[in-house]
1. Could you tell me the largest-minus-smallest coordinate of the C-alpha atoms of the chain on each of the three principal axes, in descending order and whole angstroms?
2. Helix 2-25 versus the longest principal axis of the chain: what is the Cα-based angle in degrees, 0 to 90, to the nearest 10?
3. Where in region 1-54 are there trypsin sites (Lys or Arg not before Pro) that are in a DSSP coil and have at most 11 other Cβ atoms within 10 angstrom of their Cβ?
4. Which distance in nm do the two modelled labels at residue 34 and residue 63 give, with both placed 7 Å along the Cα-to-Cβ direction?
5. Helix 48-65: angle to the longest alpha-carbon principal axis of the chain, degrees 0 to 90, nearest 10?
Amino acid sequence: MPQIGKFLILLGVLLIIMGGLVMLMGSMPRLPGDIYIQRKGFVLYVPLVGSLLLSLLLTLLLNLFFARR
């Protein structure tokens, strides 16, 4: 159970940091490779590259914190 508590605290801290960054930037930047379609009365934004980068970053961080030695 202590491992779950540590994970939840880490996740909360990461969410607070990410929320602060989003507030400072105003909006998420569009990266090359993201899908952005704007039509009359309709906007579709799918952040493919941003999702891949976030997934890679979180995978690396979690592997550093929870690496079995």
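1. Principal-axis extents of the Cα atoms in the chain, largest first: 53, 23, 20 Å.
2. Result, in degrees: 30.
3. On the way: sites: 6, 30, 39, 40; in loops: 30, 40.
Here the trypsin sites (Lys or Arg not before Pro) that fit, given the DSSP loop and packing criteria, are 40.
4. Placing both labels 7 Å beyond Cα along the Cβ direction yields 2.6 nm.
5. 10 degrees
Laboratory data are not the source of any read-out in this text; all were calculated from the coordinates shown. Computed from a prediction, not measured in an experiment: that's the story for all the values here. Every residue, glycine as well, gets a Cβ built from its backbone with ideal geometry; the counts of neighbours run over all protein chains shown.
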